[in-house]
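In what follows, a single structure is set out as structure tokens and then discussed.
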Amino acid sequence: MNFLDPLFQLKAIIALAVISAISLKFKLLDRDGVLASIPIGYVIITFGSLEYFVILLIFFSVSGAATKLRVKKLGANFLEKDWIRTWKNVLANGLAPALILLAGIAQNPSKLVIAAGYFGAVGTAFADTLATEIGLLYPRDPRLITSFKKVEKGTPGAVSPYGYLGGLAASASMCGLACAFKIGDPKILVAVFLASLVGMTIDSILGATIQAKYKCGICGKLTEKSRHCGQPASKVSGVKIINTHVVNLISTMIGATISVFIFTTLSYQTL
Ligand SMILES: [Zn+2]
């Protein structure tokens, strides 16, 4: 058990320290983001493996790079999204993968079931992030996933062909990573690919429906933030506690569940 191996613990601490320093240096995360990433990273290394941690790092680095490229192309004020990753982003995208590994100790299922859940959660987060970033480059207005009406870019639940291409690329990359880390069981690949796309779609549906949306009393803009122009904005729809981070957390949990479901269903059929 990794948990009881002092040498492994030392390796985990060194890995976390190095990554924290790099994240701060290159502003991949702010200070609180780094603090939140340490327990998440520790759980993933200890109860999963260093490989699992590397997969999450690749997700954070690629999505951070995609955001930086978009900000460079469109400007930081183009979209009122937090573009420096904070502790909220870390928990929104890292909590579900960490919980799956913790659940793995309690339930002791096969390693492949845990892999299906883990990759399904990270795949959903990755697909959703790349879909958002690449979707913003779409030259026309996106449409709301529920009503299919044209909406402003950055509206929660807005979808576009570019966004889906980004999601497809992310889902395929997760399958590539699974193969690279020798978890390339075809049933896992099918499960992760489909679950990431479905998870990303569920994220959009939750964004369009239950996510809280506000109207600024000063400038009149519709926003997903509870404050605007330095003042509290009034809620127009959705549930108050469900912001974009809570939507991410819910959809990554659902993505993991769908991935495990597809994997186990395919496994039964081949028995
Ligand atoms: Zn305003």
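Full extension of the chain segment joining LEU24 with LYS72 gains 15.3 nm, where the gain is 0.36 nm per residue of separation less the Cα-Cα distance. Footprinting exposure proxy ranking of MET200, MET253, fewest other C-beta atoms within 10 angstrom first, gives MET253, MET200.
Just flag the trypsin sites (Lys or Arg not before Pro) in segment 1-80 sitting in loop per DSSP whose Cβ has no more than 15 other Cβ atoms within 10 Å.
Details: sites: LYS11, LYS25, LYS27, ARG31, LYS68, ARG70, LYS72, LYS73; in loops: LYS27.
Sites meeting the loop and neighbour criteria: LYS27.
Sort PHE3, PHE193 so that the residue with the fewest other Cβ atoms within 10 Å of its own Cβ comes first and the one with the most comes last.
Numbers: PHE3 10, PHE193 22.
By the 10 Å Cβ count, ascending, the order reads PHE3, PHE193.
Which of the trypsin sites (Lys or Arg not before Pro) found in segment 206-246 are in a DSSP loop and have at most 13 neighbouring Cβ atoms, other than their own, within 10 Å?
Values: sites: LYS213, LYS215, LYS221, LYS225, ARG227, LYS235, LYS240; in loops: LYS221, LYS225, LYS240.
The qualifying sites are LYS240.
Cα centroid separation, segment 208-268 to segment 115-133: 16 Å.
Would you mind checking the pairs LYS150/LYS221; LYS149/LYS221; LYS153/LYS235; LYS88/LYS187; LYS27/LYS72; LYS72/LYS153 and listing those with alpha carbons more than 23 angstrom apart?
Working: LYS150/LYS221 16 Å; LYS149/LYS221 18 Å; LYS153/LYS235 20 Å; LYS88/LYS187 32 Å; LYS27/LYS72 15 Å; LYS72/LYS153 17 Å.
Result: LYS88/LYS187 exceed 23 Å.
Structural descriptor for the chain: relative contact order 19 percent, calculated from alpha carbon pairs under 8 angstrom and at least 6 residues apart.
Taken along the Cα-to-beta-carbon direction at a fixed 7 Å, the label points for LEU35 and PHE148 span 4.8 nm.
Here the Karplus curve 6.51 cos²θ - 1.76 cosθ + 1.60, taken at θ = phi - 60°, turns the phi angles of segment 163-172 into couplings of x, 5, 4, x, x, 4, 4, 5, 4, 5 Hz, with x standing for Gly and Pro. Taking every C-alpha pair closer than 8 Å and separated by at least 6 residues, the mean separation divided by the residue count of segment 1-134 gives a relative contact order of 29 percent. In order along segment 231-238, the Karplus-derived 3J(HN,Hα) couplings, from 6.51 cos²θ - 1.76 cosθ + 1.60 at θ = phi - 60°, round to 10, x, 9, 8, 6, 9, 7, x Hz, and Gly and Pro are given as x.
Would you please classify the overall shape of segment 119-159 from the alpha carbon gyration tensor, given that a ≥ b ≥ c denote the square roots of the eigenvalues, rounded means a/c under 1.5, and beyond that prolate means a/b larger than b/c while oblate covers the rest?
Details: a/c = 3.41, a/b = 1.76, b/c = 1.94.
Cα axes put segment 119-159 in the oblate bin.
On the beta carbon distance between VAL190 and ILE14, with R0 = 35 Å, the FRET formula returns roughly 0.45. Based on alpha-carbon atoms, the Kirkwood radius and the radius of gyration of the chain give Rg/Rh equal to 0.98. Annotation: amide H-H contacts under 5 Å for VAL159 (H modelled 1.01 Å from N, sequence separation of 5 or more, or interchain): ARG143, LEU144, ILE145. Per-residue 3J(HN,Hα) values for segment 26-32, derived from phi via the Karplus relation 6.51 cos²θ - 1.76 cosθ + 1.60 with θ = phi - 60°, read 9, 6, 5, 9, 7, 4, 5 Hz in sequence order (x marks Gly and Pro). Could you tell me the calculated FRET efficiency between ILE84 and ILE218, based on Cβ-Cβ distance and R0 = 35 angstrom, to the nearest 0.05? Efficiency, rounded to the nearest 0.05: 0.90.
For GLN211, the residues whose modelled amide H falls within less than 5 Å of its own, excluding neighbours fewer than 5 places apart on the same chain, are VAL239. For LYS221, the residues whose amide H sits under 5 Å from its own are CYS216, ignoring neighbours fewer than 5 places away on the same chain, with H placed 1.01 Å from N. Counting neighbouring beta carbons within 10 Å and listing from fewest to most, the residues ILE19, ILE58, ILE258, ILE241 come out as ILE241, ILE58, ILE19, ILE258.
Nearest 0.05, what FRET efficiency do THR265 and SER237 give at R0 = 51 Å with Cβ-Cβ as r? Mind dumping the intermediate values first?
Details: r = 36 Å, r/R0 = 0.70.
For R0 = 51 Å, the calculated efficiency reads 0.90.
Overall, segment 2-270 carries a charge dipole of about 880 debye about its Cα centre when +1 sits on the Cβ of Lys and Arg and -1 on the Cβ of Asp and Glu, all other atoms neutral.
We did not get these values from a lab; they are worked out from the coordinates using the rules stated. All values reported here derive from a predicted model rather than from experimental measurement. No Cβ is skipped: glycine too gets one built from the backbone with ideal geometry, and neighbour counts run over all protein chains shown.
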